[in-house]
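Asker: One structure coming up, written as structure tokens, with questions to follow.
The values are calculated or read from the model by the stated rules, or taken from the named source; none is laboratory data. The shown structure was predicted, so the numbers you read here are calculated from the model rather than taken from an experiment. Quick reminder, even Gly has a Cβ in these numbers, built from the backbone with ideal geometry, and neighbours come from all protein chains shown. Accessible surface areas use protein heavy atoms only, side chains included; no ligands, DNA or RNA. Shrake-Rupley method; radii C 1.70, N 1.55, O 1.52, S 1.80 Å.
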Amino acid sequence: VRDPSRRAEHPALSGDLPSPIAPPPGCPFHPRCPQVMDVCRRQVPGWHVVAEGQHARCHLHAPELPSRATG
């Protein structure tokens with residue numbers, strides 16, 4: 001059962017949804033991600049374990065976090 005008192009604040013996303021016909025290179029979410037890194041624009045992320053039974057397809061959860069350089 002969800003607890004409304006435990007609602008987390010989520011950052012507002014800007015930008016347009018990527019085209020399903022012509023997705024951007026790399027991670028398809030990178031144009032809208034507030035934590036985008038250079039690697040996000042070049043490589044599709046693999047699945048990484050976040051917690052037991054939880055996985056994320058995001059470079060932020062890679063065992064060896066890529067450079068945080070943005071641009």
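Asker: Per 0.36 nm of contour for each residue apart, how much would the distance between Leu13 and His55 grow if the chain were fully extended, relative to their Cα-Cα spacing? All intermediate terms of the calculation are to be shown ahead of the outcome.
Answerer: Values: separation 42, 0.36 × 42 = 15.12 nm, distance 2.16 nm.
Here the segment from Leu13 to His55 would lengthen by 13.0 nm.
Asker: Let me ask something else. Ignoring ligands and nucleic acids, what accessible area does His61 show with a 1.4 Å probe (Å², nearest 10)?
Answerer: Looks like 80 Å² after rounding.
Asker: So how do 47-54, 30-37 stack up, highest first, on mean other-Cβ count within 10 Å?
Answerer: On the way: 47-54: 9.4, 30-37: 16.1.
Listed from highest to lowest mean packing, they are 30-37, 47-54.
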